[in-house]
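Worksheet for the structure shown next.
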Amino acid sequence: MTTPTIKLNDGNRIPQIGLGLWQNKDKSEFDAAFTAAIKAGYTHFDSAQAYDNEQFLGAAMQNQKREDLFVTTKIAVEHFGYNNAQKTFQESLKKLQTDYVDLLLLHFPVPILRKKSWLALEEIKKTGGAKSIGVSNYTVKHLEEMKQYASVMPAVNQVELHVFLQQPELLEYCAANNIVVEAYSPLAHAKDMDNQVVANIAAKHQKSYAQIMLRWCLQTGLVVLPKSVTAARIEENINIFDFELDAKDMQQLAAQDRDLRTCWSPVHVP
């Protein structure tokens with residue numbers, strides 16, 4: 001199975017589903033998850049300096065063709081700043097055992113330092129260290145501010161987004177500004193797994209509850225990053241390309257939005 005891709009504003013393409021690697025800090029568990037993901041058809045792996053597992057991903061990737069993989073990492077909050085971001089990115093490349101990443105993100109809209117950090121990412125892209133650059137957890141306000149200092153706007157904004165946190169204003173803004181939105185925590189950390197509407201739609205399509213939540217993300221035009229270390233779940237999460245939610249399903253799911261945040265919120269960051 002070939003995963004569909006979405007074209008970014010810089011001409012590169014991103015696979016529409018990736019394996020989220022947050023909290024995956026045990027090497028043997030990591031290796032098992034990576035192997036299961038490759039077997040299931042994943043090519044896109046989403047890491048970060050803050051996840052403490054870039055070195056595991058680097059080692060695991062050695063058995064794969066680098067050009068077949070799409071690798072993301074993120075500059076950690078404590079590594080923001082022009083020089084710091086560049087220096088720690090070089091350390092990330094060493095851990096990942098590669099000379100480039102496909103996507104490099106700023107992990108959070110850190111006040112004061114986010115401008116200099118973005119300028120560092122632009123430099124990294126210029127010199128080939130990252131094919132594409134973007135941000136994570138940025139609100140409309142943070143993205144709008146970037147227009148004052150960015151030579152290039154982010155290709156991607158990675159945010160918490162799922163059926164219960166749909167962020168329509170942000171999606172509309174990103175679509176208008178040609179920024180692809182990646183959904184992390186697309187299953188809302190299992191905080192609401194007994195919603196009757198989702199359960200009914202799952203029964204109708206003979207799919208799991210999680211598969212309906214992930215399929216909603218796909219049909220909303222998002223890149224989706226489900227996280228799991230269980231082989232069966234990893235496989236189940238990518239098995240969402242053989243059915244489609246109809247207009248009524250999408251309408252019913254749209255009505256489930258209730259601004260449920262399960263992770264750190266950037267909403268009040270100046």
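P154 meets all of the listed conditions (1) open to solvent by less than 10 Å² (accessible area, probe 1.4 Å); (2) under 20 Å from the mean Cα position of the chain (by Cα); (3) closer than 29 Å to E244 by Cβ but one, namely (3). Every test in (1) assigned to a helix (DSSP H, G or I); (2) at negative phi; (3) not acidic (D, E) is passed by H189 save one, and that test is (2). Selection over the range 40-69 of residues that are in contact (Cβ under 8 Å) with a residue 24 or more places away in the chain, over 21 Å from T88 (Cα atoms) and among the charged types (D, E, K, R) gives a count of 2. Against the conditions (1) touching a residue at least 40 places away in the same chain (Cβ under 8 Å); (2) surrounded by fewer than 18 Cβ atoms within 10 Å (Cβ to Cβ), K227 satisfies every one except (2). Beta carbons closer than 7 Å, at least 6 apart along the sequence or on distinct chains, pair a first residue in the range 77-106 that is within 12 Å of I124 (Cα to Cα) and assigned to a helix (DSSP H, G or I) with a second that is charged (D, E, K, R) and open to solvent by 10 Å² or more (accessible area, probe 1.4 Å) for Y82/K116; Q86/E123; L93/D99. In the range 188-199, the count of residues that are touching a Leu at 6+ places or on another chain (Cβ under 8 Å), over 23 Å from H142 (Cα atoms) and open to solvent by less than 10 Å² (accessible area, probe 1.4 Å) is one or more. If you take the residues in the range 203-224 that are small (G, A, S) and open to solvent by less than 50 Å² (accessible area, probe 1.4 Å), which one is nearest to the chain's Cα centre (by Cα)? Looking at the filtered set, the residue picked out is G221.
All of K116, K131 fail the test of being open to solvent by 10 Å² or more (accessible area, probe 1.4 Å), touching a residue at least 12 places away in the same chain (Cβ under 8 Å), charged (D, E, K, R) and assigned to a helix (DSSP H, G or I), apart from K116. The test for being open to solvent by 20 Å² or more (accessible area, probe 1.4 Å), assigned to a helix (DSSP H, G or I) and of a type in the set (V, I, T) holds for T35. Yes or no: the range 169-183 includes at least one residue that is free of Cβ contacts under 8 Å to residues at least 12 places away in the same chain, surrounded by fewer than 20 Cβ atoms within 10 Å (Cβ to Cβ) and under 24 Å from P226 (Cα atoms). Yes, some residue in the range 169-183 is free of Cβ contacts under 8 Å to residues at least 12 places away in the same chain, surrounded by fewer than 20 Cβ atoms within 10 Å (Cβ to Cβ) and under 24 Å from P226 (Cα atoms).
Please go through the range 44-76 and give me each residue that is in a loop (DSSP other than H, G, I, E, B) and not acidic (D, E), ordered by number.
Step one: list which residues in the range 44-76 are in a loop (DSSP other than H, G, I, E, B), which gives 47-48, 52-53, 62-65, 69, 76.
Within the range 44-76, S47, A48, N53, Q62, N63, Q64, K65, L69, A76 meet the criteria.
Only residues that are modelled with pLDDT of 90 or more, open to solvent by 70 Å² or more (accessible area, probe 1.4 Å) and part of a loop (DSSP other than H, G, I, E, B) were counted in the range 240-270, giving 4.
Could you check, for the range 230-238, whether at least one of its residues is loosely packed, with under 13 Cβ neighbours inside 10 Å and in contact with a strand residue (DSSP E or B) (Cβ under 7 Å, 6 or more places away or on another chain)?
Checked the range 230-238: no residue is loosely packed, with under 13 Cβ neighbours inside 10 Å and in contact with a strand residue (DSSP E or B) (Cβ under 7 Å, 6 or more places away or on another chain).
Summed over the range 10-32, the residues that are part of a loop (DSSP other than H, G, I, E, B) and either basic (K, R) or open to solvent by 60 Å² or more (accessible area, probe 1.4 Å) (or both) give a count of 4.
The values are calculated or read from the model by the stated rules, or taken from the named source; none is laboratory data. These numbers were taken from a predicted model, which means no experiment stands behind them. Cβ sites come from the backbone with ideal geometry, for glycine too, and all protein chains shown count toward neighbours. SASA here: full protein model, heavy atoms, side chains in, ligands and nucleic acids out. Shrake-Rupley method; radii C 1.70, N 1.55, O 1.52, S 1.80 Å.
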